[in-house]
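The values are calculated or read from the model by the stated rules, or taken from the named source; none is laboratory data. Bear in mind the structure is a predicted one, so any value in this text is a computation, not a measurement. Neighbour counts are summed over all protein chains in view; Cβ atoms, including those assigned to glycine, are modelled from backbone coordinates with ideal geometry. Only protein heavy atoms, including side chains, enter the accessible area calculation; ligands, DNA and RNA are left aside. Shrake-Rupley method; radii C 1.70, N 1.55, O 1.52, S 1.80 Å.
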Amino acid sequence: DINNVTSASLSDFLSKQGFNLPSQMFGSLSTIQLQAIIDNSKLAKYLKKRVPKFAKKGKKEAPKETVNVHWKYQLMASILLWKSLRPNMAPNKEFIKYLVNLIGNEIPTLNRVAIASLGLIMHNYLPLLHYKNVIKNSSEYPIEHTFGWMKCYKDQISIDDLYSDIPLYMRPKAKLNCESATVLHEYLSKNLDVLFKAFADDHPNIVDPSAPRQNRRSSDTQLRNLIRQTFLWPYDGYDVTLNWWEQRHYILTKDILRCKWPNSTEDTNVENWKYDENLWILAIDQFNVNAKNMKEKEYQLAAGEILSGILRAYHQFAAIKSLPNGITTELLSTKLVDPLLKILQQCPQESAEAWCSAIRAALANSDPRNVEWFTHPILKQMVEKLQIQHTSKDKKTMVEMNGNGMNKKQYISADKQVRAMRYGTEVLISYAYRGRKEWQYVLSSLTKPENKLNFNDDDNKQQAITEKDVDYSVFDCFFSNTYRPVRGDIGILMGQVVRCLRTEPSPLLSIYDVTNSDQQFTSLLNIIETQYVQLWNEQNEEQARKQQKQQLQSASTDQKEQDKSDDDKYTKKYDRMLQTLCFWLLQCYNHMSVIVYQQLFVRLIPYLLCGQYREDKKTIEVVKMTTEVIAWTPFHESQVLTILDCILDINRTPQLINAPQWQIRKVVLQFLLQFIARNAVILNKNEEYQNQIIDYLIDNSLKDKQLEVRVQGRDVLTALIQSTNLKKMEKIKVLYQRFEKLARTKLPKRNYETAESGFNKKLNVKLRKKHCGILGLSSLILSVPYTVPEWLPEILSFIAIFDRERAPIGSTAKKTVAEFKRTHQDEWHIFKKQFTMDQLSNIQDASSTSYFV
């Protein structure tokens, strides 16, 4: 067919003419260029002249645009036309026709220029609905992010005050005439599917890992960068998460649906122009067509962009309480939401993030009350997916769904739970404090089954959760979920709940307390603490029983395998809850201002510290990361003192610094070391806390039965001296006298002939007491690693004489002198002048070399 040319047919045609050229040579040519080669050949001209059917067939076809220049030159000319658009001069009808013919062009960059130009024309040269132009009373505006939320800007500045009007030379602002607008309207009415297919083709940022990398310096890439636009996210600091997302696509869709169109080519009065409800129907149909194509991620992206555009346009109509004719929330729920909920769960994993970006772009800065038909089903699906998975595992629990009992065990994979969680989280991210119904529903779902939840339920509003109202199987579904990916996303969800709780700004120079901002959230924290302590005790008892079974070894092999899973039941459940709390706090740290979550960190840090020592390596990793983050988080003075009170409290449950497990005592001291270094200024203002820490270290940590704990206590004391005013001369002397007295403790000698009972215990007590003094002196020396204060020679000389004492006293003395040598050797020729000959002799004896002579 000479009127429908392909690379293969052209190669075959030329081979018959005596030119043997492979079809690969024509792969880079467009269809128009291939057709031009045939049309310009003498044989084709002869056939069309002699054979009437060829000529008639050509006449029946719509005239195609012929291009006599290379596509790159056409691209540069198109970019020039695009960049030449000015607010005071509207484009003419010829430019509009040329532009719409470029949409869907097989050259990707030409298609991109056409879409960008069309979006610019729609946004600037046509009458668009904006609720602020219709609603004159600002009190009737929908709920949006405004500067009024900050009290310092209230009644002083608004978003309209930030608008910078166009310069004088660009005025007046021109509009398309009715002929040009009619041409554009007719194209959109007949070819909206072509436009949305062009959306799918216009995603140049999608990178196929299997495709060869393009040279970044090639002319194609340079030309593409010329027409790439960057849009800022003006709403709440959260940009869409997908780099492939094209902002201009959903903005163009929004403008098409909220645009007024002329009734005819003679309708010059813009006030008589009307919105076209048929475009809404076409857009909804095209959303379903693209969304159902799940194999191609480009079409999934296009469907998400169409969805965002529809909802952004709906936001304007809902604000004025007048939808286009025939468009209702029932229609949107049926045509949009129902198929969307299925697609969200069935789409490929790589497309899930595209739908997250679509939800975020659609809901940002919109009134939550107007789109409940869209958001509430997404949140209900999230709660349903999570709760069914947990309740189906309980054999004694009857899962109630749609009023019917279900005995059949249901399985919800981790992937589906994570998806449902992410889509619901996007709703909270977009709404923040404005979505009160939404975040209260999520908060209630943590302790109530799905069939007892209601968005309009008054029980969700500022009422504490009582112990009898808690469904602990539902609670475990969120806080002890069996899948680690789900626990991570629950942390993100809970972090956004904390962000939503801040419904009004705090007074200046005051401490915002999120733990008391909402009665329901406060009672939830109490339930979390109660459940944590209960699990802590149960898993301790479980570990004790496990050790007894291992010692007895009386059960058979089959019985052992059966009991193995039961032995760790509460331990695994405790680890899962601990991980969830850590993910929660880490996501607070990553996603919001520090003042929002400070008090939550203060409330939960004791429970993380006592759980830092675990057998599960993944739990240890995430807990260690979280405690380090909290240790270096800036806190208010009262919050710092509250944390110190909690750590030093020896009567609390569960125990921290005096816990029965020495590993917990060690990790608490590790946290205290970092926390002291971070908050040294506050400790300088509160010397009584300095004294409490020193007294506890001397009386307990430096005398601990476990050597590792004693060494860690020495490191804490070293950091305390280095970072606070304890380094002053008068305070150093007090500490030196105290430690010297302990170091001079005499150890009883063993008499094997008259050895009395309990001698070893008495010896160990004396040994730890003496070692406490040596460790204290060691901390004084190690606190000045690169200087030699006037008090240091005497202390160093004194500790050196203990190098031959029994372990661990002698080894501690030797290591201290060796560390002093390592840190002072560069300037020893200056430092040694401060020592006497006797002191140098003592140091030499304790050192393995004669370097100090």
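Observations on the model:
- Scanning segment 284-323 for residues that are within 14 Å of Pro339 (Cβ to Cβ) and in contact with a Ser or Thr (Cβ under 8 Å, 6 or more places away or on another chain) turns up Met294, Gln300, Gly304, Ile306, Ile310.
- Segment 242-288, residues that are outside any helix (DSSP H, G or I) and either within 13 Å of Phe199 (Cβ to Cβ) or in contact with a Lys or Arg (Cβ under 8 Å, 6 or more places away or on another chain) (or both): Trp244, Trp245, Glu246, Lys260, Trp261, Asn263, Trp273, Lys274, Tyr275
- Each residue in segment 782-811 was checked for being open to solvent by less than 40 Å² (accessible area, probe 1.4 Å) and over 46 Å from the mean Cα position of the chain (by Cα), and 16 of them qualify.
- Residue in segment 495-504 that is modelled with pLDDT under 95, outside any helix (DSSP H, G or I), surrounded by fewer than 21 Cβ atoms within 10 Å (Cβ to Cβ) and not polar (S, T, N, Q) present: yes
- Taken residue by residue, segment 466-475 has no member that is part of a helix (DSSP H, G or I), at pLDDT 90 or above, open to solvent by 40 Å² or more (accessible area, probe 1.4 Å) and under 17 Å from Leu585 (Cα atoms).
- Residue tally, condition within 18 Å of Ser480 (Cα to Cα), in contact (Cβ under 8 Å) with a residue 24 or more places away in the chain and hydrophobic (A, V, I, L, M, F, W, C), over segment 611-633: 2
- When segment 427-453 is filtered for residues that are in a helix (DSSP H, G or I), over 14 Å from Ile490 (Cβ atoms) and open to solvent by less than 10 Å² (accessible area, probe 1.4 Å), the ones remaining, listed by number, are Val427, Ser430, Tyr431, Ala432, Glu438, Trp439, Gln440, Tyr441, Ser444.
- Within segment 681-703, the presence of a residue that is in a loop (DSSP other than H, G, I, E, B), out of contact with any Leu (no Cβ under 8 Å at 6 or more places or on another chain), open to solvent by less than 60 Å² (accessible area, probe 1.4 Å) and closer than 30 Å to Gly773 by Cα is excluded.
- Residue match in segment 618-631 (condition: over 19 Å from Thr571 (Cα atoms), open to solvent by 60 Å² or more (accessible area, probe 1.4 Å), among the acidic types (Asp, Glu) and within 27 Å of the chain's Cα centre (by Cα)): yes
- Filter result for Arg714 (touching a residue at least 60 places away in the same chain (Cβ under 8 Å) and touching a Lys or Arg at 6+ places or on another chain (Cβ under 9 Å)): no
- Just one of the numbered conditions (1) open to solvent by 10 Å² or more (accessible area, probe 1.4 Å); (2) in a helix (DSSP H, G or I) is not true of Asn111: (1).
- Any chance Leu126 is under 25 Å from Thr265 (Cα atoms), outside any loop (DSSP other than H, G, I, E, B), at pLDDT 90 or above and open to solvent by less than 30 Å² (accessible area, probe 1.4 Å): no
- Listed by first and then second residue, the pairs linking a residue in segment 437-450 that is without any contact (Cβ under 8 Å) to a residue 24 or more places away in the chain to a residue that is crowded, with 20+ Cβ neighbours inside 10 Å and outside any helix (DSSP H, G or I), with Cβ atoms under 8 Å apart and 6 or more places separating them unless they lie on different chains, form an empty list.
- Which numbered condition Gln156 fails, given (1) open to solvent by 80 Å² or more (accessible area, probe 1.4 Å); (2) within 30 Å of Trp244 (Cα to Cα); (3) at pLDDT below 90; (4) in contact with a helix residue (DSSP H, G or I) (Cβ under 9 Å, 6 or more places away or on another chain): (2)
- Taken over segment 667-680, the criterion of being surrounded by fewer than 24 Cβ atoms within 10 Å (Cβ to Cβ) and polar (S, T, N, Q) is satisfied by Gln670, Gln674.
- Against the test of being of a type in the set (Lys, Arg) and over 25 Å from Val596 (Cα atoms), the options Arg678, Arg665 yield a single qualifying residue, Arg665.
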